[in-house]
Structures are given as structure tokens and as C-alpha cells.
Amino acid sequence: MIIRNALMSDFENISTVFEHAKKYMRENGNMKQWADGYPYPETIRKDIDEGICYVCEVEKAIVGVFTLFDGPDPCYERIIGEQWLNDKPYGVIHRIAVAHNRGGVASKCIEFCEKRYDNLRIDTHEDNKPMRNFLTKRGFIERGIIFLENGEERIAFHKVVR
């Protein structure tokens, strides 16, 4: 598997991966997350333009996508519940998605991120039980509730890599 920066020419394939992820969410009881057309095309294009969108390729097919960037993330400034594990610099993972029937891709995404940051933060919807379980298995610790720009709540996770 190759993980590389996304190109604008990847846009359609990235959108297809997101559609697979949305379908998987619905099949697993997560009816609310990404239900309004999110990730929006302009969000995907902006991530690509900023060089923070990454794709996972297997035999030139895009099988995963995620966004990774340097914190701080304004949404993580206020947390209810436990506090962050530390106040050190961190990487932020957003919009991680895997194509249908592609086991192990999400783990490769996390491994990629772990090589670049000593601390990682990520959040997910309360109803996204598969992602919550995955993050826990990968060593992330649930810390509390954060709020998106639109006011929606998300469950926040933090991992100290080293």
C-alpha cells in the first residue's frame, strides 16, 4: 500500500470512497454522521489544495482517504469530560474513510500518522461505534466531548505515540 498526498485528479475516487464509508455507517446504525452531504466537495478540494488530504493506494486504486494536519484544531479548545492527556503539539486526523471490503486500510492510515506525530487527536460521532472501537483498539483514549463549528457534539480521542 502506498500513502501519498491527494491530487485534484483523485477527487472523483475520493468521493467514491466517502460514499462507501457513508453506506457502511448507515448499515451499522450511524444514521446522522455525514448525512447532509458531508464531506462537502469544497471541503475535499480545500484539503487537497492545502496538502493535508492523503490517499491510500493499492495497485493504483484508491482504497482509503484521510486528512492529517498540525494542531491546534479550534474545535479541540473546549472539551467537556476528561481533559486531553497533555498540552503538547499534536496532529489532527479528520475524515478518515475506507473503501468497501478493504480491511487493514484504516490501521495503515493510523500508522502513517503515528510516524509523523508524538500526539494524535481525532473525534467521531457518538453513533459511530465501529470507529470508536477501532480507535480504542489502536490505543486512542476517549477524553470527552468536543464541539464542531456548527455546535454538533463529537467524542474526542487522544493518543500519545511517544
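Every residue in the stretch 64-76 that is over 16 Å from GLU149 (Cα atoms) and surrounded by fewer than 22 Cβ atoms within 10 Å (Cβ to Cβ), please.
THR67, PHE69, ASP70
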Out of all the residues in the stretch 40-53, is one or more in a strand (DSSP E or B), within 17 Å of the chain's Cα centre (by Cα), surrounded by 12 or more Cβ atoms within 10 Å (Cβ to Cβ) and not hydroxyl-bearing (Ser, Thr, Tyr)? yes
The number of residues in the stretch 4-34 that are in contact with a Lys or Arg (Cβ under 8 Å, 6 or more places away or on another chain), surrounded by fewer than 18 Cβ atoms within 10 Å (Cβ to Cβ) and modelled with pLDDT under 95 is 2
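Conditions tested, residue by residue: (1) of a type outside the set (A, V, I, L, M); (2) surrounded by fewer than 16 Cβ atoms within 10 Å (Cβ to Cβ); (3) closer than 24 Å to GLU19 by Cβ; (4) touching a Cys at 6+ places or on another chain (Cβ under 7 Å).
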| position | (1), (2), (3), (4) |
| --- | --- |
| GLN83 | yes, yes, no, no |
| HIS94 | yes, no, yes, no |
| ALA106 | no, no, yes, no |
| PHE112 | yes, no, yes, no |
| ASP118 | yes, yes, no, no |
| ARG121 | yes, no, no, no |
| ASN128 | yes, no, yes, no |
Within the stretch 13-37, restricting to residues that are assigned to a loop (DSSP other than H, G, I, E, B) and under 13 Å from the mean Cα position of the chain (by Cα), the one that is farthest from PRO130 (Cα to Cα) is TRP34
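The values are calculated or read from the model by the stated rules, or taken from the named source; none is laboratory data. This is a predicted model, so every value here is computed, not measured. As a convention, Cβ positions derive from the backbone with ideal geometry for all residues, glycine included, and neighbour counts pool all protein chains shown.
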